[in-house]
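The structure appears below as structure tokens.
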Amino acid sequence: MPDKPPLNPWRRFGARLRALTNRERLLAAVRANPVGSTITAAAVIFLLVFVAITIYHAVRRPPDVHNESATFNANETKPTRETVNWPLYGYDQRRTRYLGVKGIKPPFKKLWKYGARPLLEFPPIYVDGKLYGVDNSAHVFSLDADTGKILWKRRIGMLNASSPTYSHHRLFVVNLIPGQILALDPNTGKTEWGKVLPGRSESAPVVVGKRVFFGDEDGTLCAVDRRNGHTIFTTQLCGSIKAAPAYQHGILYLGDYGGCMSAVNSHSGKIKWQSSSQGLGLGTTGRFYSTPAVAFGRVYSGNLDHRVYSFDASDGELAWSHSTGDYVYSGPTVADTPNTPPTVYIGSYDGNLYALDARTGETRWSDSAGGPVIVSPSAVGNIVYVPTYSPKGTTGFAMRNGRRVFEFGTGGGNSPAVSDGRRVYLTGYSSITALQPLTKKQIKGRAKARKEKAARKGKRAAARRRHRAQARNQAQKKSRPSKKQSHQQPMGGPQKRHAGKGASG
């Protein structure tokens, strides 16, 4: 789970301002010197105004940035293949979280569900018919993607909060407790090599060539040899590293809890540039929990200062920032599709999913996700999926206009959906569900079955109405008197009257 953000600096300075402008202290100072009290009062008022203006400029939240001159490459993220593996957290080395496939859309049918008691804070990966994941209790497991059957499972520690990475027929897994990185055989789970780290790590590795890159909570970006785990270089960044590094063109991009977004040369470990977040005021910088995405010549990331950021990938210049209503733990999903312009999809703790213009940061559309979003969305085909922890659920939105097209009663996974180009594997709070899109024949069959069911239901309802009508008619017949009974006169009454008249006459 993400760490709680620091206290808002506005609250801290509110107490200091109240102490500085204490009314009783000021009045006491004026009464102590009655001579020249008018001058003293004026000086005090001037001082208060000056202090208030100074504090306002010191603590006010910096406005968002919109830099129209920043570099933007609109033709950079076109998918080259439609059906591929999903071998690491975020789908590719740039962590775009977008798989451009056709035909993967609702309605779905459930093929299988894998359920485990420990939390699945991060999603599995998919490689060659198998899913690989790690739960919160540091159990690494492999599942058959067709059946959901457990192929192997083993425990590597006490606490984990990351996805594994597959490369060169190995699984690379970092761990929180104990702090370590392991290389595992994907067929058996057997440890090929392990390395103890100076700090804990939840930074999902990225593998480039013969090197494995990841960060740790001591603020160190590490590069180790993928063949034996030997350290190649370490680079100290501004603060604790929670995010996973993104990679493109020989450069690693990574945010940290010191508020820096860094670009590091993957060969030498030298820092190319570092840029700061704007923060909440008081000269503070926000924390980057969000794993960045690299696209369109930009680096995109969320921050705990409530903003989404876009940096120029070449020099770190801030292209734009966009404020949301709360913390942005979420990592961005970036995509350019035939039906949508280059767009950044990202969630906020304010409960909304935002679709932002990747060039300008302006809102294309936004909608409620149903609860606070502290995880990253992911996109498959033309649908972006976003989960919520409270209430637990996953919603799918059409990337073109934000229309809700999918709802599923489980959520909580960090980046909820991964795909192999045929199915969607949806991560819940402690489960994985395989969803298969229905074929046109199956959709027609379901529609026909629904019509037949509705027809049967209508016939049963009509039969019940006829039965009730017949019952009412029978009851009414029993309660009405017959015609013979209604016209029959009482016996003896009139005869006695006639007999009386005759006798009296």
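The table below lists the values:
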item	result
Fully extended contour minus Cα-Cα distance, from GLN236 to ARG460, at 0.36 nm per residue	73.3 nm
Mean separation of Cα contacts under 8 Å, 6 or more apart, over the residue count of segment 106-244: relative contact order %	14 percent
Virtual spin-label span in nm between SER368 and ALA471, 7 Å along Cα→Cβ	4.3 nm
Dipole magnitude of segment 157-217 about its Cα centre (Cβ charges: Lys, Arg +1; Asp, Glu -1), debye to nearest 20	200 debye
Virtual spin-label span in nm between ASN228 and GLU68, 7 Å along Cα→Cβ	5.7 nm
Accessible area (Å², per residue) of segment 205-280, counting only protein heavy atoms and a probe of 1.4 Å	33 Å²
Percent accessible area from carbon and sulfur atoms, segment 80-134, protein chains only, probe 1.4 Å	45 percent
Portion, in percent, of the accessible area of segment 310-371 that falls on carbon or sulfur, probe 1.4 Å	42 percent
Calculated from backbone phi, Karplus (6.51, -1.76, 1.60) coupling profile of segment 164-171 in Hz, x at Gly/Pro	x, 10, 9, 6, 6, 6, 9, 9
Low-density loop positions, chymotrypsin sites (Phe, Trp or Tyr not before Pro), segment 232-299 - DSSP coil, at most 14 other Cβ in 10 Å	none
Accessible-area composition of segment 149-216, carbon plus sulfur, in percent [1.4 Å probe]	55 percent
Segment 89-111 residues near the modelled ARG422 label - backbone nitrogen below 18 Å, point 7 Å along Cα→Cβ	100-106, 108-111
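The values are calculated or read from the model by the stated rules, or taken from the named source; none is laboratory data. Predicted, not measured: the structure shown is a model, and the values here were computed from it. A quick note on method: Cβ atoms are made from the backbone with ideal geometry, for glycine too, and the neighbour counts reach across all protein chains shown. Ligands, DNA and RNA are excluded from the accessible area calculation, which covers all protein heavy atoms including side chains. Shrake-Rupley method; radii C 1.70, N 1.55, O 1.52, S 1.80 Å.
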